[in-house]
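The values are calculated or read from the model by the stated rules, or taken from the named source; none is laboratory data. The model shown is predicted, which means the values in this text are computed figures rather than measured ones. Glycine gets a Cβ as well: all are built from the backbone with ideal geometry, and neighbour counts include every protein chain shown.
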Amino acid sequence: NGWPVIGTGMHWDAPAWSLSAEWFCYVALFPLLLFRNAPPTAAARFLGIVLCSAVGYWLFARYFFEGSIGSVPESQVSYWVPLGRATCGFVSGWLAFASFQRRDGLHAACTRFSGAIWCGVALIVLLAYRGPTNPQMLVFVWPFVVLAGTGEDSLSSRLLGSKPMHFLGVISYSIYMTHFIILTTFMTTFGPLDTWSPAIFGLLAGTT
């Protein structure tokens, strides 16, 4: 449903756009990248990650269309945003994996300064929640979060490796795929979010 030649990405379970975008990456991009050599230096890999993140961010910030079934965006480019951002993220992941394989300077810096990287994530989330920052800014940080997570000695890695966090990781994609349907059902039943009590939010989380 996220391939423009087939669908628009807008239907009753909007988060499912990621399924078709991931299929595209696995079927089309993975074979292309599997036997290609990544850029030879850590600096080149870092620059590649930043450029991919920048393109993905620009596509989303400029052309993302949060419409509904039957609505039409201003630009046809909006239909390509899911595949574009997925492609940029997939290539960034390929470059990050190359850094991990080589244990290069980029990998060493991310594992050494994992705390600072996670503080960057928290800052972007806070700014996005308050309004001045687009939450899509996180695409600039995620590849480095992944590399930071490979350092087993850091506090963040020990926390992420704990049983509760591992359990949340196992069920996270199921939560992602079902939360929108449950949220829509709750909004139909209880009205707009800004009228909800904490008990309703708790019930929403528990139901999800």
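The condition of being at pLDDT below 90 and of a type in the set (Val, Ile, Thr) holds for only one of VAL55, VAL27, VAL50, VAL5, that being VAL5. Against the list (1) exposed (fewer than 13 other Cβ atoms within 10 Å of the Cβ); (2) not small (Gly, Ala, Ser); (3) not assigned by the TED database to the domain that holds ALA98, the condition TYR26 fails is (3). Of the residues making up the stretch 89-103, those that are surrounded by fewer than 23 Cβ atoms within 10 Å (Cβ to Cβ) and touching a Ser or Thr at 6+ places or on another chain (Cβ under 7 Å) number 1.
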